[in-house]
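Student: Before I ask anything, let me first share the structure, which is written out below as structure tokens.
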Amino acid sequence: MGEKKKLCVGFIGNPNCGKTTLFNAYTGANLKVANWPGVTVERVEGRMTYKDWEIKLIDLPGTYSLTSYTMEEKVSRRCILSDEVDVIVDVVDASALERSLYLTLQLIELGKPVVVALNMMDIVEKRGMEIDLHRLPEMLGVPAIPVVARKRRGLDVLMHAVIHHRDFEEKTPLIHHHPSRTGHIHGHHEEFVMVYSDEIEDKLDLAEQALAETYPAMFQTDTQGPGSVQQVLSNFRGLRMKKRWYALKTLEGDEEVQEEYPVACPQLQGKTWEKEIINQKYDFIQEIVEEILVGKANKEEKTDKIDRWLTHRIWGFPIFLGIMALVFILTFTLGDWLKGYMEILVEALTGAATQGLSSVGVSGWLISLVTDGIIAGVGGILTFLPNIFILFLALAFLEDSGYMARVAYVMDGIMGKLGLSGRAFIPMILGFGCTVPAIMASRALENQRDRFKTMLVTPFMSCSARLPIYVLFSQMFFGKYALLAAYSMYVLGLAVAIFVVFVLHMIDRKDTAYDLLIELPEYKSPSAHTVFIYVWEKVKDYLTKAGTTIFLASLAMWVILNFGPGGYITDIGDSFGAILGRTLVPVFAPLGLGYWQIVVALIAGISAKEVVVSSCTILFGVQNATSTAGMSALAGMLGGQGFTMLNAYCLMVFCLLYVPCIATLATIKRESGSWKWTLGSALFQLAVAWVAAFAIFQIGSLL
């Protein structure tokens, strides 16, 4: 059997068009798929075989055009322009052709093999519409294959078209019904899909001539000898397409092209033609849609009706807060009911371990290590697994339904007053799940200063790791108001983030607000498969953290609490942990947190926020602290030391705002490329936490 032939295929399209779903269907990868933009923040590769071909697939970040502004758009553009990609699969949302075809026209203008994947055809059918699949290839000059990625329909036909179209010599004949223009040397309507006005075509001719004269090695030959410079567009289908694409970018004032291939042509100076080129592309798109879309629905769609309320200028934000409140009601009520069974399991495991180790004569310190260190620490965290599960299940439904994109749209007005676009709110919303991917999602912002500001405030959002802290201390000290106390942390984190951005905007008046360009996708019933992948990945991460970071932190905590300067000790007050905690008590006392055990727990929480709970369990020597009896015992110990409802609230506020976990700090370092910025942001967050907790405690004490 011969060696398989190789091919590289790039998947590109608008955000939320189904690229990642299609990629998953071909490769089997369980990448996160959500019904809102900004999920794929860097290119992802996978492999598959098709007949006698070995195919590398590249899932690229969503982009609306090949004019790059954000980091993710630049990643997509550079990959598509490189020699690496042999065939471009343009994944188009068939239910939103007007928006999707703009990128399609730009890709066709590159001159590389392009295959259009008309995704979400099931939505088109549900709306009672049809797409003329014969006329569309005539107008675009490339294959157009209907697919439904979620249901794995049309996958074989699409890949067959990719293989067949990989190295075509002649384009599919273009059949346009509008008259050809005759004022140019070339018969443009026979050569190109997109033909512009006479004025722009004249400018393109001038730009092509200037490029050919200025860079003859690049634009005056189709062949490149062994010793010639390899250009990123060397595999284009001929010199003609190459020159035209660069000429278009020259007229548009594209920064990268102007920097790499500047031309001195007086007739092209003083004006960019980007707006005219865009408008004429959309005029042609309208012509395409009118010809190929049959039975377009005239009635108002369900999405528009719902959006009248959910994206309302006044009611949109209160509705968002109400939806999040409902999420946390479910997290507490249903989660706590399930948590009770986990507590029974941990309690039984503790009893069995104690009895089993004692029966075989194991020494007391080892029994303490296993029961008070490992089981109490890790087990205490695992009891919150039902709450975490319910939280992520609710967030997965909101994401896959299409609602989360609306939140960014609703917040655009508020963020605009702070010098940011509503797009900056997407990483902040992601922060409700986990801060690490939220920090990575800041790549979707166009301006580096905006990215840094967003990375600075995103850790203020309540990630799922803080939920066990809220559940434990709110239930111990707030009784029937526990849910309200915990929910206030999410609102407070959002408020602090917005306030910090406002202060930064007041300091730096050079900030520029950007108009928000974001897709508001069709509402749809969440996919069970997508929701399962999302929730399973989060639960798996939580269990992995419990088995690694929290396990090691629990062991370390047991060691520093059972050893002191004189070696192994029986009085925890003589331990290294107690010495460290008492040293720092004066710093935390003004916050109502002047207890050495609390101080040590907060320090341990930098490894992972859940460790604050497991550390308290070990520090106060309470087994199964998350059970009703355990919480009562722990509350009694704290209350005996003067720890009240106010102290508990200040502790929750401090845990909300202070230094993020080590994984988040490492991500900030990677995204910013600066240790100085990373350490500076950590100190800033610590200062904000101290000031906020101080203010609440001092004002609360007076009241």
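Student: For region 636-666, what are the residues that are closer than 19 Å to ALA438 by Cα, part of a helix (DSSP H, G or I) and open to solvent by 10 Å² or more (accessible area, probe 1.4 Å)? Explain how you work it out, then say what you get.
Tutor: First, pick out the residues of region 636-666 that are closer than 19 Å to ALA438 by Cα: 655-666.
Next cut, part of a helix (DSSP H, G or I) only: 655-657, 662-666.
Across region 636-666, the qualifying residues are ILE662, ALA663, LEU665, ALA666.
Student: Can you find even one residue in region 476-494 that is in a helix (DSSP H, G or I) and touching a Cys at 6+ places or on another chain (Cβ under 7 Å)?
Tutor: no
Student: Tally time: how many residues in region 457-493 are surrounded by fewer than 22 Cβ atoms within 10 Å (Cβ to Cβ) and either within 17 Å of the chain's Cα centre (by Cα) or under 30 Å from GLY680 (Cβ atoms) (or both)?
Tutor: 4
Student: While we're looking at this one, here's another question. Taking the stated definitions as given, is GLY111 under 24 Å from the mean Cα position of the chain (by Cα), buried (at least 19 other Cβ atoms within 10 Å of the Cβ) and under 25 Å from TRP245 (Cα atoms)?
Tutor: no
Student: Name the residues in region 540-589 that are out of contact with any Ser or Thr (no Cβ under 8 Å at 6 or more places or on another chain), open to solvent by less than 30 Å² (accessible area, probe 1.4 Å) and closer than 24 Å to MET342 by Cβ, would you?
Tutor: Within region 540-589, just ALA546 meets the criteria.
Student: Same structure again: For region 224-275, which positions are modelled with pLDDT of 80 or more, charged (D, E, K, R) and out of contact with any helix residue (DSSP H, G or I) (no Cβ under 6 Å at 6 or more places or on another chain)?
Tutor: Correct list: ARG244, ASP254, GLU255, GLU256, GLU259, GLU260, LYS275.
Student: Within region 494-524, take every residue that is of a type in the set (A, V, I, L, M, F, W, C) and closer than 30 Å to ARG127 by Cα and give me the one that is modelled with the lowest pLDDT.
Tutor: Ranking the candidates gives LEU516 first.
Student: Conditions: (1) out of contact with any strand residue (DSSP E or B) (no Cβ under 9 Å at 6 or more places or on another chain); (2) closer than 29 Å to VAL142 by Cα; (3) open to solvent by less than 50 Å² (accessible area, probe 1.4 Å); (4) of a type outside the set (Ser, Thr, Tyr). ILE292 meets all but one. Number of the miss?
Tutor: Among (1) out of contact with any strand residue (DSSP E or B) (no Cβ under 9 Å at 6 or more places or on another chain); (2) closer than 29 Å to VAL142 by Cα; (3) open to solvent by less than 50 Å² (accessible area, probe 1.4 Å); (4) of a type outside the set (Ser, Thr, Tyr), the lone unmet condition for ILE292 is (1).
Student: Just to check your reading of the model, which residue among ILE319, ILE344 is open to solvent by 40 Å² or more (accessible area, probe 1.4 Å) and at pLDDT below 85?
Tutor: Numbers: ILE319 fails: at pLDDT below 85.
It is ILE344.
Student: So, one more: Is it the case that region 679-700 has a residue that's surrounded by fewer than 19 Cβ atoms within 10 Å (Cβ to Cβ) and either part of a loop (DSSP other than H, G, I, E, B) or touching a strand residue (DSSP E or B) at 6+ places or on another chain (Cβ under 6 Å) (or both)?
Tutor: No, there is no match, as no residue in region 679-700 is surrounded by fewer than 19 Cβ atoms within 10 Å (Cβ to Cβ) and either part of a loop (DSSP other than H, G, I, E, B) or touching a strand residue (DSSP E or B) at 6+ places or on another chain (Cβ under 6 Å) (or both).
Student: Please go through region 286-309 and give me each residue that is in a helix (DSSP H, G or I), of a type outside the set (Val, Ile, Thr) and modelled with pLDDT of 85 or more, ordered by number.
Tutor: GLN286, GLU287, GLU290, GLU291
Student: With acidic (Asp, Glu), at pLDDT 85 or above and buried (at least 21 other Cβ atoms within 10 Å of the Cβ) as the only criterion, which of ASP93, ASP122 stands out?
Tutor: On inspection, the qualifying residue turns out to be ASP93.
Student: What single numbered condition from (1) touching a helix residue (DSSP H, G or I) at 6+ places or on another chain (Cβ under 9 Å); (2) over 21 Å from MET159 (Cα atoms); (3) not in a helix (DSSP H, G or I) fails to hold for ALA117?
Tutor: The single condition ALA117 does not satisfy is (2).
Student: Let me ask you something else. Quick test of your reading of the structure: VAL157 fulfils all but one of (1) hydrophobic (A, V, I, L, M, F, W, C); (2) under 29 Å from LYS249 (Cα atoms); (3) surrounded by fewer than 22 Cβ atoms within 10 Å (Cβ to Cβ); (4) modelled with pLDDT of 80 or more. Name the failing condition by number.
Tutor: Only one criterion in (1) hydrophobic (A, V, I, L, M, F, W, C); (2) under 29 Å from LYS249 (Cα atoms); (3) surrounded by fewer than 22 Cβ atoms within 10 Å (Cβ to Cβ); (4) modelled with pLDDT of 80 or more is unmet by VAL157, namely (2).
Residues checked against (1) modelled with pLDDT of 90 or more; (2) under 23 Å from CYS463 (Cβ atoms):
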site	(1), (2)
ALA625	no, yes
THR628	no, no
LEU646	yes, no
VAL653	yes, yes
TYR658	yes, yes
CYS661	no, yes
ILE668	yes, yes
THR678	yes, yes
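Student: If you don't mind, another one. Going through region 73-102 one residue at a time, which ones are under 19 Å from THR21 (Cα atoms) and either touching a strand residue (DSSP E or B) at 6+ places or on another chain (Cβ under 7 Å) or not in a helix (DSSP H, G or I) (or both)?
Tutor: SER76, VAL87, ILE88, VAL89, ASP90, VAL91, VAL92, ASP93, ALA94, LEU97, SER100
Student: Criterion first (open to solvent by 10 Å² or more (accessible area, probe 1.4 Å), touching a Lys or Arg at 6+ places or on another chain (Cβ under 9 Å), among the basic types (Lys, Arg) and part of a helix (DSSP H, G or I)) does ARG449 satisfy it? Before you say what the answer is, go through the steps one by one.
Tutor: On the way: open to solvent by 10 Å² or more (accessible area, probe 1.4 Å): yes; touching a Lys or Arg at 6+ places or on another chain (Cβ under 9 Å): yes; among the basic types (Lys, Arg): yes; part of a helix (DSSP H, G or I): yes.
So ARG449 passes the test.
Student: Going through region 590-619 one residue at a time, which ones are hydrophobic (A, V, I, L, M, F, W, C), surrounded by fewer than 21 Cβ atoms within 10 Å (Cβ to Cβ) and part of a loop (DSSP other than H, G, I, E, B)?
Tutor: Of everything in region 590-619, just one residue is hydrophobic (A, V, I, L, M, F, W, C), surrounded by fewer than 21 Cβ atoms within 10 Å (Cβ to Cβ) and part of a loop (DSSP other than H, G, I, E, B), namely ILE606.
The values are calculated or read from the model by the stated rules, or taken from the named source; none is laboratory data. As the structure is a prediction and not an experimental result, all values here were calculated from the model. Note that we place each Cβ from the backbone using ideal geometry, even for glycine, and neighbour counts take in every protein chain shown. Heads up: the accessible areas ignore ligands, DNA and RNA and are worked out on the full protein's heavy atoms, side chains in. Shrake-Rupley method; radii C 1.70, N 1.55, O 1.52, S 1.80 Å.
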